Every structure is written in C-alpha cells, then in structure tokens.
Amino acid sequence: MSVNIGSSAELSKLLSMSAIVVTDFYADWCGPCKAISPTYESLAKKHSQPKRVTFTKVNVDNQQEISQRYGVRAMPTFIIFQNGSVIETIQGADPNKLTSAIEKAVKMAGPAKPAYSSVGHTLGGKPASAKPVNYHSVLSAVIAFFGLYFYSLLSLDAYGAAEKSPFNVNRQPAPPAPRTSASIRTGAATQIGKKLGTISDFSSS
C-alpha cells in the first residue's frame, strides 16, 4: 500500500527512514493519473518493505510546496529516491517504464532482512523452560574449592597436602587393608568346658 503524504515534513521523515522511496505526483483531475494508479498500487503491494522500500502519493494541488521543490510540471510524475536523493524521474503514464524503474530500484535496496526467530519460543507453542539450577552441586563445588585451598595453605607441602586432602574430588580412595588373623577380633570366648569363676576363685589362684 502507498502512503498519502500530508506535509513536507512527513515526506522528509520517510526519506530519512527508508532506503528507497517511490513517489507518485498526481492530481484528482488528471485522467492518465487515474489510469496508471492501479498499476502503481499493485507494484506498491508487491514490493513494499518496512524501512527499505516505501511507496508514497503526493497530490500536487494540496502539496504545492513539495511539487515545486522537485520541479514537477506534468502529471503523473514518478520520482524514485535512494537515501533521500533523487535517482530517477518518470513522466507520463507508461506502465512498462514505471515497472522497470521500480524493479531496478528495489534491487538496489538489497534483499529483505530475515524475520526474527528465537529457539526459545515457537508460534503456537510454549517458551522453552530453562533447566533448573542444581544448587547442591554448586554448593559442594564451592566448599570443595575453599576446603582444598585452606587445607593446602596451612601445610608445608602444599601440593602433597592438596593431593591427600579429603576435599580433592579427584583423589582415589585408598584400597582396603588385607584382613589377617591378627586383625580379626576373637572376642572374649571361654574355653569349652571351663566355667566362669568368681572373685574368690581368682584371689585363691
């Protein structure tokens, strides 16, 4: 769709915001203007891109200041701007010439920017939820770090102390000592057939 310009300031703003601006200078009493208007609107619908390619219409009777600024003497007159500067002027109702000039200008604007996409949310779906933080693991890591630091700081052999520190998460546990007959507790069993004595028995022996 084309934009009907209501003031010189409005046109200046569009020229500063859009890379390509196509302006149709027309008059309500102009027959050729009415004849080519459907072609112009069709091109506007096809090629309009926000802030890149903008189509406008200027009524020369209502906006005489704009018409005089760009030297419009015949209707219709189409002026194509790039970054605020005039790059082409087409006079008369020539659909083929107008179409060719607009398609050329659209190519100068460059390809359209891709639409914004986000992996966190899809249309019709729910936002991807963030993974919960494992506070226990974080706390354990902090304790291990400071424990290892102070354990090695207070030792003369810092490296060795760090290796043997209980806070060293990479420390391999020592293998269990082999069990021997001496290490097995036999208890306080009495010999078979022998009765437990009394205190007088111990004093008499």
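FYI, it's all coordinate maths here, none of it is from the lab. Treat the numbers as computed from the prediction; the structure is a model and nothing was measured.
Computed quantities for the displayed model
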item	result
Relative contact order, percent, the range 3-109 [alpha-carbon distance under 8 Å, six or more residues apart]	37
Links that overshoot a 20 Å alpha carbon limit, given the list K45/K97; K34/K107; K34/K97; K51/K104; K34/K104; K46/K104	K34/K107; K34/K104
Reciprocal of mean inverse Cα separation for the range 3-109 (Kirkwood radius, Å)	13.5
